[in-house]
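Data block below; observations after.
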Amino acid sequence: MTTRIMAGLLAVVLMLLQYRIWASPDGMREVWRLEQAIDVQSAENARLETRNRTLAAEVRDLKEGRKAIEERARTDLGMVKTNETFFQVVPPAQPGSATPPTPAAAATGKRTAQADLP
């Protein structure tokens with residue numbers, strides 16, 4: 001009879017331990033949540049590491065080379081070298097945003113230059 005009671009108590013203790021592992025808030029659900037958070041953070045760290053390497057290379061180029069400084073001045077500040085011609089390409093106006101031709105020009109068939117204002 002005592003072995004049956006002991007077996008019953010061991011079964012109850014085993015069930016309680018299993019409950020704590022699988023169903024409690026600090027059990028396996030928390031472990032799975034933390035593993036998922038680790039995966040997300042690892043991906044973010046890899047993305048940031050790539051960005052940092054790119055920025056470090058750009059800083060190195062700016063410190064050592066004159067080409068990077070010239071490129072930066074041209075793109076960011078719009079600087080032009082001497083004896084260079086600067087062409088600015090303006091995209092065509094959106095349909096409906098241009099002003100219609102004047103009635104006098106339309107009647108004579110002549111084309112007039114119109115300024116497209118933003």
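The values are calculated or read from the model by the stated rules, or taken from the named source; none is laboratory data. Just so we're clear, the structure is a prediction, and the values are computed from it rather than from any experiment. Note that each Cβ is placed from the backbone with ideal geometry, even for glycine, and that neighbours are counted across all protein chains shown. These accessible areas exclude ligands, DNA and RNA; they are computed on the full protein's heavy atoms, side chains included. Shrake-Rupley method; radii C 1.70, N 1.55, O 1.52, S 1.80 Å.
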List pairs: first in segment 73-96 and within 24 Å of Asp61 (Cα to Cα), second open to solvent by less than 100 Å² (accessible area, probe 1.4 Å) and not in a helix (DSSP H, G or I), Cβ under 9 Å, 6+ apart or cross-chain?
-> Arg74/Val80
Can you list the helices (runs of 4 or more DSSP H) found entirely within the chain that contain at least 1 residues being modelled with pLDDT of 90 or more and of a type in the set (Asp, Glu)?
-> 28-64
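Open to solvent by 100 Å² or more (accessible area, probe 1.4 Å) and farther than 30 Å from Lys81 by Cβ - does that describe any residue in segment 53-60? Step through it out loud before you land on a result.
Step one: filter segment 53-60 for residues open to solvent by 100 Å² or more (accessible area, probe 1.4 Å), giving 53, 60.
From what's left, farther than 30 Å from Lys81 by Cβ: 53.
Yes, there is a match, as at least one residue in segment 53-60 is open to solvent by 100 Å² or more (accessible area, probe 1.4 Å) and farther than 30 Å from Lys81 by Cβ.
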Given the conditions (1) under 29 Å from the mean Cα position of the chain (by Cα); (2) surrounded by 10 or more Cβ atoms within 10 Å (Cβ to Cβ), which single one is not true for Val90?
-> (2)
